[in-house]
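Trainee: Before I ask anything, here is the structure I am working with.
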Amino acid sequence: MRAETAGGPAVGVGNLERARLAAEIHDLYDGRGSGERLLAAFRAAALYVPLVEDEPMCSAAVDGVQWLYAFTAAGELERFARARAEAPKQPGPVSGRIAYWTVLGSRLLDVAVPVAVAETRAATGVSVDVAGVRPLLMPPLSKVVPDPVAVDLLDGA
């Protein structure tokens, strides 16, 4: 992981893998997607994860599920930051430079999701390009996240 700012992302770092993920998301929306290819592309991609003050990771809870935010492109991250700044009760305007980590999708699923579950005690998945035209949810299910935090494998599920 490394911290950077949007508007000046590291050129070439993970671009091919992010492009593959974007293509898989596009195929999914066009009805030609493959869950296995999509998951493999997600795990290989170095995604942009915004840094937000007073939060270990930028996330939101919706209907009992905690969603960690990740983005396939600096433009998607900037769109999200603008939408967040314009929302009521959000801190200050976007300055044009957004701090973020570059994190492999595999690290988000295998490390960040279990840590978030341990901290929040809530089912946790990853939301990709949440403010974009083609958002994607990586749900907290087996074969996506580690079995101990997969909601479909928990007792009583």
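The values are calculated or read from the model by the stated rules, or taken from the named source; none is laboratory data. Fair warning: this is a prediction, and the values are worked out from it, not measured in the lab. Because the Cβ atoms are built from the backbone with ideal geometry, glycine has one as well, and the counts that use them run over all protein chains shown.
Trainee: Output the residues belonging to segment 135-147 that are without any contact (Cβ under 8 Å) to a residue 40 or more places away in the chain and on the phi > 0 side of the Ramachandran plot.
Mentor: Within segment 135-147, no residue meets the criteria.
Trainee: Filter segment 70-88 down to the residues that are surrounded by 11 or more Cβ atoms within 10 Å (Cβ to Cβ) and over 22 Å from THR124 (Cβ atoms), then identify the one that is modelled with the lowest pLDDT.
Mentor: So, considering only residues that are surrounded by 11 or more Cβ atoms within 10 Å (Cβ to Cβ) and over 22 Å from THR124 (Cβ atoms), the one modelled with the lowest pLDDT is ALA85.
Trainee: In addition: Inspect all residues belonging to segment 110-127 and state whether any of them is farther than 12 Å from GLN66 by Cα and surrounded by 17 or more Cβ atoms within 10 Å (Cβ to Cβ).
Mentor: no
Trainee: Confirm whether ARG43 is modelled with pLDDT of 90 or more, out of contact with any Asp or Glu (no Cβ under 6 Å at 6 or more places or on another chain) and among the basic types (Lys, Arg).
Mentor: yes
Trainee: Using beta carbons and a limit of 8 Å, which pairs, at least six apart or on different chains, have the first residue in segment 120-134 and β-branched (Val, Ile, Thr) and the second one part of a loop (DSSP other than H, G, I, E, B) and surrounded by fewer than 17 Cβ atoms within 10 Å (Cβ to Cβ)?
Mentor: From segment 120-134, the pairs are VAL128/PRO135.
Trainee: Return the pairs, sorted by first residue and then second, in which the second residue is among the hydrophobic types (A, V, I, L, M, F, W, C) and surrounded by 16 or more Cβ atoms within 10 Å (Cβ to Cβ), the first residue lies in segment 89-112 and is at pLDDT below 50, the beta carbons are less than 8 Å apart, and the residues are 6+ apart or on different chains.
Mentor: That search, which allows pairs on different chains as well, returns VAL94/ALA81.
Trainee: Name every residue in segment 1-29 that is farther than 23 Å from GLY125 by Cβ and either among the basic types (Lys, Arg) or at pLDDT 95 or above (or both), in order of residue number.
Mentor: Scanning segment 1-29 gives a single hit, ARG2.
Trainee: What are the residue pairs meeting all of these: first residue in segment 47-75, first residue among the acidic types (Asp, Glu), second residue buried (at least 23 other Cβ atoms within 10 Å of the Cβ), Cβ atoms under 7 Å, and 6 or more apart or on different chains?
Mentor: Going by the 7 Å Cβ cut-off, there are no qualifying pairs.
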